[in-house]
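This report concerns only the one structure given below.
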Amino acid sequence: MHAPPSKTQSRGAFGSRLGFILAAAGSAIGLGNIWRFPYTAGENGGGAFVLLYLVFVIGLGLPVLLAELSLGRASKSNPVGAFKRFFPKTLWPYVGGLGVLTGFGILAFYVVVAGWSLSYLGRAFTGTFDGAITAEESGVLFTSIISNPTETVALAGVFLVLTAVVVRAGVGGGIELASKILMPVFFVLLLVLAGRSLTLPGADEGVAFLFGTDFSKLTGQGVMSALGQALFSLSLGMGAMITYGSYLPDKENLPIAGAAVAFFDTAIALLGGLIIFPALFSQGVAPDEGPGLVFVVLPTIFHSLPMGNLFAIAFYGLLSIAALTSTISLMEVVVAYFVDERGWNRNKSVLVIVPATLMLAVPSSLSQGGMDFFTDFIGGKGFLDTQDILFGNISLSVGALLISIFVGWKWGAKEALQEMDNFSLGGVWSILIRFAAPIAVGAVLVTFVVGLFGE
Ligand code: TRP
């Protein structure tokens, strides 16, 4: 189609469509599906939230995903460079800049939760989940793990270093290879877990919670969370998919690749829900428990599986890996920015990013009971929750709003469609990206901000 800019040669690219799909799905699938989706759905009353989430994924997430991928592939650039390439002397590159900053902000709390997962992995190795453990005991264990500052900070650091090692190895060798092997294994394991959970006594109550629609439980906050979760889960709104799109070979069909990513991501989130909620109701745990939900509920079912402890090892191992393919994409955005825009090499980039992220991760670590100041940070919320809302909801929504305006109106839906390989739904996509996405995201943001000040 059109000649790529000359510097692409050294930037690296994914080897195949399957490699891209797995890597992009690897970015999308992570703690967002298994940890964040169930607990946010639980906090917001279940089914109505889930339905709204699905509407946002299809009507908004998928169009924005295609917009980001097109912009990335057309510009062959990091988020800042992508805007700069088409409109250098405007304010648009700052949208990319906000994205890079947001990636850094998300990475800083994400590695803390990933560290919890590593901690559970370690405990699985020492046989903690060998025998039956009640929900109450499991809750006590969780609290003791996350309130231990030394362990959580150290494990967040370990996770950051692991991420940096893969990112340093580059796009094809590191990211693609890791995703290709591990994501399918994870999927199979989740299916087994869902099977176990769904056959527990009282499981149907969990299914009813997840899919029954009681809109009376949905608040303005809940709508904001559903939007934020749709964007977060698909890795949208900060340019991760612009960056991954820049590595997608020109000959690959972009809409198909994007749709596959959205499909797998959503399937895994729902699978996460089908694991957590049946188990939760059968154990009598409250659904609105918050960020600890998954960590508290899951250990209660491992022992009832054959080779339960082995299963726990595999599960936390793979959850950590799923988290790793996500942190890789977050760090990759920041690295791509330094490499493309500042002329740094990958090595120098990660050497700067790792310590900086760790500094911001420490207060998040300490916010889980380790230190009162961070535990009750703003309006009763801890530092980790505050960061999650600020970067993981608000900033992603602002980013998605600006990206859809940019692609739909400034760069132009027509230009974007050039990248979409004769997309048969191009007309629908244009309407969604030019009208539906900006209006819906704008409305949710306004309602949310008004609500903040209204109370
Ligand atoms: N989508 C990932 C998850 O669900 C997290 C993630 C990776 C992300 N890259 C992102 C979120 C970019 C927002 C933006 O776990």
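The values are calculated or read from the model by the stated rules, or taken from the named source; none is laboratory data. The structure displayed is predicted, hence computed values, not measured ones. Glycine also receives a Cβ, built like all others from the backbone with ideal geometry; neighbour counts cover every protein chain displayed. Note: accessible area is taken over every heavy atom of the protein model, side chains too, but ligands, DNA and RNA are not part of it. Shrake-Rupley method; radii C 1.70, N 1.55, O 1.52, S 1.80 Å.
Where in the range 404-433 does the label zone of residue 89 land, with the point 7 angstrom along Cα→C-beta and an amide N cut-off under 20 Å?
Zone members listed by number: 410-411.
Just subtract the alpha-carbon distance of residue 443 and residue 256 from 0.36 nm times their residue separation and send over the number in nm, one decimal. Walk me through the numbers before you get to the answer.
Working: separation 187, 0.36 × 187 = 67.32 nm, distance 2.95 nm.
Once the chain is fully extended between residue 443 and residue 256, it gains 64.4 nm.
With an 8 Å Cα cut-off and a minimum separation of 6 or more residues, compute the relative contact order for the chain in percent.
34
In whole percent, and with a 1.4 Å probe on the protein chains, what portion of the accessible area of the chain is carbon and sulfur? Before the final figure, lay out the partial values.
Values: 11460 of 16790 Å².
Ligands and nucleic acids excluded, carbon and sulfur give 68 percent.
In Å, what Kirkwood hydrodynamic radius results for the chain from the alpha-carbon pair distances? Could you put the intermediate results ahead of the total?
Numbers: mean 1/r = 0.0457 Å⁻¹.
Hydrodynamic radius (Kirkwood, Cα pairs) of the chain is 21.9 Å.
Expressed as a fraction of 2.2 N^0.38 Å, the rule-of-thumb size for a compact globular protein of N residues, what is the C-alpha radius of gyration of the range 113-160?
In units of the globular-protein estimate, the range 113-160 measures up at 1.16.
What ranking do 440-448, 364-372 get when scored by the average of other Cβ atoms within 10 Å per residue, highest first? Provide the component values of the computation, followed by the final result.
On the way: 440-448: 17.6, 364-372: 21.8.
Result, highest mean Cβ count within 10 Å first: 364-372, 440-448.
From the phi angles alone, apply the Karplus equation (6.51, -1.76, 1.60; θ = phi - 60°) to the range 31-37 and give each ³J(HN,Hα) in whole Hz, x where the residue is Gly or Pro.
4, x, 7, 8, 9, 6, 4
List, in order, the whole-Hz ³J(HN,Hα) value for each residue of the range 260-276 obtained from phi through the Karplus relation with A = 6.51, B = -1.76, C = 1.60 and θ = phi - 60°; use x for Gly and Pro.
Coupling constants for the range 260-276: 5, 4, 5, 5, 4, 4, 5, 4, 6, 5, 5, 4, x, x, 6, 7, 6 Hz.
Quick one: angle between helix 135-146 and the longest Cα principal axis of the chain, in degrees between 0 and 90, rounded to 10, please.
Orientation of helix 135-146: about 50 degrees from the principal axis.
Rounded to a whole number of µm²/s, how large is the Stokes-Einstein D of the range 148-268 at 10 °C and 1.306 mPa s, given Rh as the Kirkwood radius over C-alpha pairs?
Answer, rounded: 87 µm²/s.
Which peptide among 210-217, 184-191, 72-79 comes first, and what is the full order, when sorted by highest mean count of other Cβ atoms within 10 Å?
72-79, 184-191, 210-217
For residue 18 and residue 414 in the same chain, what is the full-extension length gain: residue separation times 0.36 nm, less their Cα-Cα distance, in nm?
139.9 nm
Quick one: Debye curve from the alpha-carbon atoms of the range 403-455 only, equal weights, vacuum; give me log10 I(q)/I(0) at q = 0.12, 0.26, 0.27, 0.30 Å⁻¹ to two decimals.
Those come out to -0.36, -0.93, -0.97, -1.08, one per q.
Measure nothing but the geometry: give the 0 to 90° angle between the long axis through the Cα atoms of 220-233 and the longest principal axis through the Cα atoms of the chain, rounded to 10°.
Once rounded, the angle reads 70 degrees.
Find how many whole Å separate the alpha carbon centroid of the range 381-440 from the alpha carbon centroid of the range 97-132.
Measuring centre to centre over Cα atoms gives 28 Å.
Mind grabbing the base-10 log of I(q)/I(0) for the range 297-387 at q = 0.15, 0.24 Å⁻¹? Debye formula, identical points on the C-alpha positions, no solvent, two decimal places.
Once normalised to I(0) and log-transformed, intensities are -0.85, -1.04.
Send over the per residue convex hull volume for the range 224-301, Cα only, as a whole number of Å³.
Value for the range 224-301: 115 Å³ per residue.
Set the Förster distance to 45 Å, then compute FRET efficiency between residue 134 and residue 422 from the Cβ-Cβ distance, nearest 0.05. Walk me through the intermediate numbers first.
Working: r = 57 Å, r/R0 = 1.27.
The calculated FRET efficiency here is 0.20.
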